[in-house]
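Participant: Would you mind keeping the following structure in view while I ask a few things?
The values are calculated or read from the model by the stated rules, or taken from the named source; none is laboratory data. None of the values given here were measured: they were computed from a predicted structure. All Cβ positions, glycine included, derive from the backbone under ideal geometry; neighbour counts span all protein chains shown. In case anyone asks, the SASA skips ligands and DNA or RNA and just uses the protein heavy atoms, side chains included. Shrake-Rupley method; radii C 1.70, N 1.55, O 1.52, S 1.80 Å.
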Amino acid sequence: SPARKQPTTTTTLPTTPNIQEVVFGNLLIRPWYPSFYPDTLTSHTAERHTTERRHSERRPAELRSIERLYVCQWCFKYCKELIPFLGHARVCERRVAGCPPGAEVYRRGDVSLWEIDGERDKLYAQNLSLFAKLFLDTKSVFYDVTTFLYYLLISHAPSPAVNTPTSPSPASETTPEPRISQVIGFFSKEKMSWDNNNLACILVFPPWQKQGFGQVLMGASYELSKREGRLGGPEKPLSELGHKAYTHYWSQTLARVILSPKLSHNKPITVMDLRNETYIVPEDIIATLQSMDVLEERADGKDGGKKMVLNKAAVREWVSKHSGAKLGPPPVDPKAFLMVSEE
């Protein structure tokens, strides 16, 4: 995964970006953190670097600062010079194919989710990881992508739109390409996680943040867990921003389930009821309900002790305060997942 933390690593790595700006299609993006792009960048695209290169052996401190890097919006290959980059853009195989590698597993409205295997499409996954690291603050990163699956979030009507001129001539600027589909984020997960993590790394690229796409990725990770019959959650510890985003997702999801007709029976709703409906692990359910302040302590008549009980009225009050009187639809529609045949 492009954002796994190495618990045994104690070295403090620099956080100053080693690339000043990235040209991504017609967008100019300023990186937040350093990435492991090689300091031997030439005028050619990244395909000259073999997939076996151990990016994990490099540290940002060893990489010289690059003023501008061109990254292909279709395959994430990179180049530091404009003319060779435009030459690549004209013939990029992912642009010609009209889609990323792998298979489409979800489509709803203008949004799709594509699954790629890091072992089968190693160079694509590595280049995606290099680009993602520019916006992820982690102490250590490695690029052994072969043990991970990547779920690419694609917008078929991205805002802002991304277009790439195929020639530096003025004529191309007067006839821009029509709005095209664009990978705007992704999440990764281990093919086999001993901790049952359903997500290792998540990122929505900066131009498309604050549009609810992170919630779509989180919702998809849990829906996939349901389909696999594996209870899980994100790899921990979460960053401060990650914790905030997940608390929002968990709160909305739990409130939606608690107030749904399916659980409108008279008997108390238990943590196990919520777990079975949402596939959120019990510890995250309890912590979220506590943060929502919807649990109350009541006397337990059996042994004179105390027990925590979910207060539905408090949940309705929470919804009114945080969601404008009513909850919106779930970020992911389970019926929109596509059947993918095994090869």
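Participant: For the stretch 307-332, which positions are under 31 Å from the mean Cα position of the chain (by Cα), of a type in the set (A, V, I, L, M, F, W, C) and farther than 10 Å from Arg256 by Cα?
Facilitator: Trp318, Ala325, Val332
Participant: Another question, if that's okay. Residues of the stretch 142-156 being open to solvent by less than 40 Å² (accessible area, probe 1.4 Å) and either under 24 Å from Leu28 (Cβ atoms) or modelled with pLDDT of 80 or more (or both), which ones?
Facilitator: Scanning the stretch 142-156 gives Val145, Thr146, Phe148, Leu149, Tyr150, Tyr151, Leu152, Leu153, Ile154, Ser155.
Participant: Could you give me the residue pairs with C-beta distances under 9 Å whose first residue belongs to the stretch 271-290 and is assigned to a loop (DSSP other than H, G, I, E, B), whose second residue is open to solvent by 40 Å² or more (accessible area, probe 1.4 Å) wherever it lies, and which are 6+ apart or on separate chains?
Facilitator: Hits for this filter: Tyr279/Lys226; Tyr279/Arg230; Tyr279/Leu231; Ile280/Leu231; Val281/Asn196; Val281/Leu231; Val281/Arg275.
Participant: Still on this structure, I have one more. Can you pull out the residues in the stretch 14-55 that are modelled with pLDDT of 90 or more, over 16 Å from Ser129 (Cα atoms), out of contact with any helix residue (DSSP H, G or I) (no Cβ under 9 Å at 6 or more places or on another chain) and not in a loop (DSSP other than H, G, I, E, B)?
Facilitator: Listed by number, the residues that qualify are Gln20, Glu21, Leu28.
Participant: Among the residues of the stretch 228-270, write down those that are over 20 Å from Phe187 (Cβ atoms), open to solvent by 70 Å² or more (accessible area, probe 1.4 Å) and touching a residue at least 12 places away in the same chain (Cβ under 8 Å).
Facilitator: Those that are over 20 Å from Phe187 (Cβ atoms), open to solvent by 70 Å² or more (accessible area, probe 1.4 Å) and touching a residue at least 12 places away in the same chain (Cβ under 8 Å): Lys262, Pro268.
Participant: For residues that are in contact with a Ser or Thr (Cβ under 8 Å, 6 or more places away or on another chain) and hydroxyl-bearing (Ser, Thr, Tyr), scanning just the stretch 178-203, find the one that is surrounded by the most Cβ atoms within 10 Å (Cβ to Cβ).
Facilitator: Looking at residues that are in contact with a Ser or Thr (Cβ under 8 Å, 6 or more places away or on another chain) and hydroxyl-bearing (Ser, Thr, Tyr), I get Ser188.
Participant: Follow-up. Give the residues of the stretch 112-132 that are closer than 19 Å to Phe213 by Cβ and either out of contact with any helix residue (DSSP H, G or I) (no Cβ under 8 Å at 6 or more places or on another chain) or surrounded by fewer than 19 Cβ atoms within 10 Å (Cβ to Cβ) (or both), sorted by residue number.
Facilitator: If the condition is that a residue be closer than 19 Å to Phe213 by Cβ and either out of contact with any helix residue (DSSP H, G or I) (no Cβ under 8 Å at 6 or more places or on another chain) or surrounded by fewer than 19 Cβ atoms within 10 Å (Cβ to Cβ) (or both), then Ser112, Trp114, Glu115, Leu128, Phe131, Ala132 are the ones that fit.
Participant: Within the stretch 93-108, how many residues turn out to be assigned to a loop (DSSP other than H, G, I, E, B), out of contact with any Ser or Thr (no Cβ under 8 Å at 6 or more places or on another chain) and either free of Cβ contacts under 8 Å to residues at least 40 places away in the same chain or over 26 Å from Pro334 (Cβ atoms) (or both)?
Facilitator: Residues meeting the conditions: 1.
Participant: So, in the stretch 321-343, how many residues would count as being exposed (fewer than 10 other Cβ atoms within 10 Å of the Cβ) and at pLDDT below 70?
Facilitator: Counting residues in the stretch 321-343 that are exposed (fewer than 10 other Cβ atoms within 10 Å of the Cβ) and at pLDDT below 70 gives 5.
Participant: Quick check: anything in the stretch 204-211 open to solvent by 10 Å² or more (accessible area, probe 1.4 Å) and part of a strand (DSSP E or B)?
Facilitator: In the first step, residues of the stretch 204-211 are kept if they are open to solvent by 10 Å² or more (accessible area, probe 1.4 Å); the result is 204, 206-207, 209-211.
Now restrict to residues that are part of a strand (DSSP E or B): 204.
Within the stretch 204-211, one or more residues are open to solvent by 10 Å² or more (accessible area, probe 1.4 Å) and part of a strand (DSSP E or B).
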